[in-house]
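Asker: Structure incoming, see below.
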Amino acid sequence: MPPTEVTVKAPATTANLGPGFDVFGLALEHPSDKVTIALNSSTGVKIQIFGVSAKTISPVPEKNTAGVVANQMIKEFSLKTGVTIKIEKGIWPGRGLGSSAASAAAVAYGMNCLFNLKLNIVQLIRLAAKGEAASAGSEHADNVSATICGDFVIVRSYKPLEIVCMKAPPNMEVCAAFPHIITPPHKTQKARSVVPKMVPIEKLIHNVGNAAAMVSGFATGDVDLIGKSMSDCVVEPARAFLIPGYQQVKENALNTGACGVTISGAGPAMLAIVNRKNADAVNVAAAMKEGFNSAGFEATAFATRPGGGVSLLEMK
C-alpha cells in the first residue's frame with residue numbers, strides 16, 4: 001500500500017552570516033519543527049499549527065509558507081488529493097532563525113516522500129523558496145537551502161539555481177539570542193526594505209573579501225577565520241537600529257570569547273560563532289542575553305552547533 005502520511009523534522013537556520021546576504025545559510029542542530037503531512041478526502045490544503053507562538057502564524061494556506069509550497073506542488077505535479085499539514089513549531093517565528101523556511105522545506109521534502117516524486121535537491125529548494133514569498137516577500141533561498149542540505153550552504157546562482165554545500169568544522173559552535181519584542185507582520189519584508197539599493201565599490205570589496213575568506217574558513221576548518229569574516233558593512237549597519245541592545249550584545253559576545261557576531265537573518269536574533277577549543281559557548285550565550293537585558297529587554301539565548309538538514313521521521 002502507498003503511504004498516506006509522513007512526518008519530517010526540519011532544523012532552524014541562520015542566514016547571511018554577515019557578508020553573505022541572500023547567499024550564505026547555516027543549519028542549526030536545534031531547535032527544529034516537526035511537520036506531518038497526511039492525505040485527506042477533500043481537495044486543497046488544510047493547516048493546523050501547534051507549539052511555540054502558534055497563534056501568531058496564519059493557518060490560511062495562501063498566507064503560510066507551508067501552504068504555499070503544498071498548493072504549488074499539488075498544482076505542478078497534478079496531485080489528485082488534498083493534504084492536511086500539522087506543524088509543531090519548535091522554532092520561534094519572526095526571530096531570524098528560519099522558522100518560515102523550516103515549514104516550507106519540511107513540506108517540500110515531506111510531499112516528495114509521500115508522493116514518491118523523486119525530486120533532487122535543487123528542485124526541492126526551488127519549491128521551498130516559493131513558500132518564503134509568503135513571509136518575506138521574495139523567493140530567497142539561503143534559509144531553505146540550509147534547511148534541506150544541512151551545515152553550510154552557498155547559493156552560487158539564483159538563475160539558474162545552483163547550491164554549494166559544505167561541512168562545518170567539528171569544533172564550531174553557534175550561539176543565538178533574541179529580545180522579547182513584538183515583531184510586526186511581514187517583519188522580514190521590512191528588514192529587507194532598509195537594505196541599500198546602491199553600494200559604494202569600497203563596501204563591495206570589503207564584503208566580497210570577507211565572504212571569500214569565510215568560505216575558505218569552512219573549506220579548511222578554521223573556525224576563527226569564519227568568525228573573523230562575519231563582517232558586513234552593507235546590510236548589517238542598515239538593520240542595526242531595528243535591534244535594541246545590538247551593540248552591547250555584540251560587545252558582550254566578543255568579550256566572552258566569540259570569534260564573530262552578526263545579525264541572524266533579518267533579526268532580531270543575534271548570532272555568534274564560537275571555537276569550542278578557546279571559549280565556552282554557554283557563557284557566550286549568557287553574555288548575549290545580558291546584553292539585551294542591559295537594554296531593558298527580556299531575552300532568550302541558547303548555544304548549539306551546526307546540524308544536518310531536513311529528515312524523515314516516520315512514514316505510514
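The values are calculated or read from the model by the stated rules, or taken from the named source; none is laboratory data. If you're wondering where the values come from, they're calculated on a predicted model, not measured in any experiment. Glycine also receives a Cβ, built like all others from the backbone with ideal geometry; neighbour counts cover every protein chain displayed.
Asker: All but one of (1) of a type in the set (D, E, K, R); (2) at pLDDT 95 or above; (3) within 24 Å of ILE125 (Cα to Cα) hold for ARG192, so report the exception by its number.
Answerer: The failed condition is (2).
Asker: To continue, here is another question. Hey, which of the strands (runs of 3 or more DSSP E) in the stretch 1-70, taking only ones fully inside, have at least 2 residues that are in contact with a helix residue (DSSP H, G or I) (Cβ under 9 Å, 6 or more places away or on another chain), outside the structural domain of GLN189 (by TED's automatic domain parsing) and closer than 22 Å to GLY309 by Cβ?
Answerer: Because the criterion is at least 2 residues that are in contact with a helix residue (DSSP H, G or I) (Cβ under 9 Å, 6 or more places away or on another chain), outside the structural domain of GLN189 (by TED's automatic domain parsing) and closer than 22 Å to GLY309 by Cβ, the strands (runs of 3 or more DSSP E) in the stretch 1-70 that meet it are 5-15, 24-40.
Asker: Hey, could you check the stretch 221-233 for residues that are within 20 Å of the chain's Cα centre (by Cα) and in a loop (DSSP other than H, G, I, E, B) and say which is surrounded by the fewest Cβ atoms within 10 Å (Cβ to Cβ)?
Answerer: Ranking the qualifying residues of the stretch 221-233, first place goes to SER231.
Asker: Checking THR81 against (1) touching a residue at least 24 places away in the same chain (Cβ under 8 Å); (2) within 27 Å of CYS165 (Cα to Cα), which single condition isn't satisfied?
Answerer: (2)
Asker: Could you list, in sequence order, the residues of the stretch 130-155 that are at pLDDT 95 or above and of a type in the set (A, V, I, L, M, F, W, C)?
Answerer: Hits for the stretch 130-155 are VAL144, ALA146, ILE148, CYS149, PHE152, VAL153, ILE154, VAL155.
For (1) surrounded by 22 or more Cβ atoms within 10 Å (Cβ to Cβ); (2) assigned to a loop (DSSP other than H, G, I, E, B); (3) modelled with pLDDT of 95 or more; (4) touching a Pro at 6+ places or on another chain (Cβ under 7 Å), each residue gets a yes or a no:
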{"residue": "ALA240", "(1), (2), (3), (4)": "no, no, no, no"}
{"residue": "THR262", "(1), (2), (3), (4)": "yes, no, yes, no"}
{"residue": "ALA266", "(1), (2), (3), (4)": "yes, yes, no, no"}
{"residue": "VAL274", "(1), (2), (3), (4)": "yes, no, yes, no"}
{"residue": "VAL282", "(1), (2), (3), (4)": "no, no, yes, no"}
